[in-house]
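Report on the structure given below.
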């Protein structure tokens, strides 16, 4: 889980990038995610522990994403992965919940915020339990083949991922 600083993360063989969550950027610790090969789905789970969306309606986190990295956030709800567009553009045929506003891929630390409960309501979906959250490369064009972004060695950072009412 990536809830707050110093969080633990697991690597699923063949599915996610190399995880190094001991990098310091000033007073905070960040999770560094590096793609070990060009393309791929590059999945990194934020949590696999279900949580009540009514109690934790808003997601917010800090990110540092340079140009050439294209990722989105995915929420598993009712056994369906629903896409939240971050900076990777919409996937072909994905069940979409909306877009995180104001995302910049400039290599600087930024803050992201997404009203997941509001997005569920706007899409006519009941507020449910979220089964899992994960960042991954969108399934579009030839991106998962490494064309157009996410080349071998592509890296981004996350810290202070939280869900709540804020």
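Return the FRET efficiency for the residue pair residue 145, residue 29: r is the Cβ-Cβ distance, R0 is 30 Å, and the value is rounded to the nearest 0.05. Intermediate results must be reported in sequence, preceding the final value.
Working: r = 33 Å, r/R0 = 1.10.
Taking R0 as 30 Å, the efficiency between residue 145 and residue 29 is 0.35.
Grab the Cα-Cα distance for residue 56 and residue 92, subtract it from 0.36 nm times how many residues apart they are, and report the gain in nm with one decimal. Write out the running numbers ahead of the final one.
Values: separation 36, 0.36 × 36 = 12.96 nm, distance 2.85 nm.
Stretched out fully, the residue 56 to residue 92 stretch lengthens by 10.1 nm.
Over the alpha-carbon set of segment 59-131, work out the extent along each principal axis and list the three values in angstrom, largest first.
36, 24, 20
Quick one: order 83, 122 by neighbouring beta-carbon count within 10 Å, fewest to most. Kindly include the intermediate steps, with their values, before the conclusion.
Details: 83 22, 122 11.
By the 10 Å Cβ count, ascending, the order reads 122, 83.
Taking Cα centroids, how far is segment 25-88 from segment 94-150 in Å?
Segment 25-88 and segment 94-150 have Cα centres separated by 8 Å.
Which of 46, 80 has the fewest other C-beta atoms within 10 Å, and how do the rest follow up to the most? Write out the running numbers ahead of the final one.
Working: 46 23, 80 11.
Neighbour counts put them in this order, fewest first: 80, 46.
By what distance, in whole Å, do the Cα atoms of segment 18-164 stretch along each of the three principal axes, largest value first?
39, 39, 26
Suppose each label sits 7 Å from its Cα in the direction of the beta carbon; what would the residue 166-residue 106 distance come out to in nanometres?
1.9
In what order do 115, 126 fall by count of nearby beta-carbon atoms within 10 Å, going from fewest to most? Don't skip to the answer; put the middle values down first.
On the way: 115 17, 126 9.
By the 10 Å Cβ count, ascending: 126, 115.
Can you pull the one-decimal nm distance between simple spin-label points at residue 80 and residue 113, each 7 Å off the Cα toward Cβ?
Taking the two extended label points, one gets 2.8 nm.
All of the numbers you see were taken from the coordinates with simple rules; none came from a lab. Computed from a predicted structure; not experimentally measured. Glycine also receives a Cβ, built like all others from the backbone with ideal geometry; neighbour counts cover every protein chain displayed.
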